[in-house]
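Notes to accompany the following structure.
The values are calculated or read from the model by the stated rules, or taken from the named source; none is laboratory data. As the structure is a computational prediction, the values presented were derived from the model and not from experiment. When we count neighbours, we look across all protein chains shown, and the Cβ atoms used for this are built from the backbone with ideal geometry, even at glycine. In case anyone asks, the SASA skips ligands and DNA or RNA and just uses the protein heavy atoms, side chains included. Shrake-Rupley method; radii C 1.70, N 1.55, O 1.52, S 1.80 Å.
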Amino acid sequence: MHKRIGFFLCLTGICIMLSVVLICLPFTLPRLWGWYGYTVLTGSMEPQITAGSLVWVRPCSEAQIFAGDVIGYYSDDQSGTVILHRVLEKRELEGTFLTKGDAGAAPDPQPVRFDRLIGKAVIQIPFLGAFAISLSSDLGKAISFLLVWLALGIHTAGRILCLEKRSPVS
């Protein structure tokens, strides 16, 4: 009986740990390729990219950007805000892009200088950005940390029960 309970606890611990790993994969795996993940906070790119989406941006040079591409770039102010908008026109001589949010009626008032380019948007996952914000909060990190330790504790308890030897009844 102890071995069955131990096996069940081991399996439960492994499942919890795998769940944590699988939940974190969409947020970490693209970073291995040097991509940057951004959560869309506004509806400026709707309906193509909705608020709350997670967008992965692949770094590239201005030579790899064409009209119609969605790019990530730093705003002109000192805030370091990242903006995701569609390129309407590439102005080689000026060294700028003319951009516009899909939901906007007019192009952005300021052209984007090439040196502000981060890269091209390559993957967009609806609603995952809002989850990423929750997961990266202090509470989200604490819950993830506790889940890992809970999984390890449950797995260890299961291993102990599996290895426990019963003394024969005389």
- P(r) tail for segment 45-120, what percent of Cα pairs lie past 17 Å? 39 percent
- Message: Helix-only estimate, please: 222 nm mean residue ellipticity of the chain, summing -39500 (n - 2.57) across DSSP H runs of length 4 or more and dividing by its residues, to the nearest 500.
- Response: -12500 deg cm²/dmol
- Where a ≥ b ≥ c are root eigenvalues of the Cα gyration tensor, a/c under 1.5 meaning rounded, otherwise prolate if a/b exceeds b/c and oblate otherwise, segment 1-74 counts as prolate
- Message: Once ligands and nucleic acids are excluded and a 1.4 Å probe is used, how much of T39 is accessible, expressed in Å² to the nearest 10?
- Response: 40 Å²
- Just read off the accessible area of F145 with the full protein assembly in place, 1.4 Å probe, to the nearest 10 Å². 130 Å²
- Query: How far is the Cα center of segment 3-77 from the Cα center of segment 108-134, in Å?
  - Reply: 12 Å
- Item | Stretch gain in nm, segment W149-R31, where the contour uses 0.36 nm per residue and the Cα spacing is subtracted | 40.0 nm
- Query: Once you put a point 7 Å from the Cα of Q78 and another 7 Å from the Cα of R159, both along the Cβ direction, what distance in nm separates them?
  - Reply: 5.3 nm
- In nm, to one decimal, how far is the L22 label point from the Q48 one, both placed 7 Å along Cα→Cβ? 3.3 nm
- All other residues with a Cβ under 13 Å from the Cβ of K120 taken together, and with Lys, Arg as +1 and Asp, Glu as -1, what is their net charge? +1
- Of the candidate values [x] 57, 39, 25; [y] 43, 34, 31; [z] 94, 27, 26, the one computed for Cα extents along the principal axes in Å from this structure is [z]
- Message: Using Cα-Cα distances under 8 Å and only pairs 6 or more residues apart, what relative contact order does segment 92-170 have, in percent?
- Response: 15 percent
- Please calculate how many Å² of accessible area segment 101-162 carries per residue, with a 1.4 Å probe and no DNA, RNA or ligand atoms counted. 61 Å²
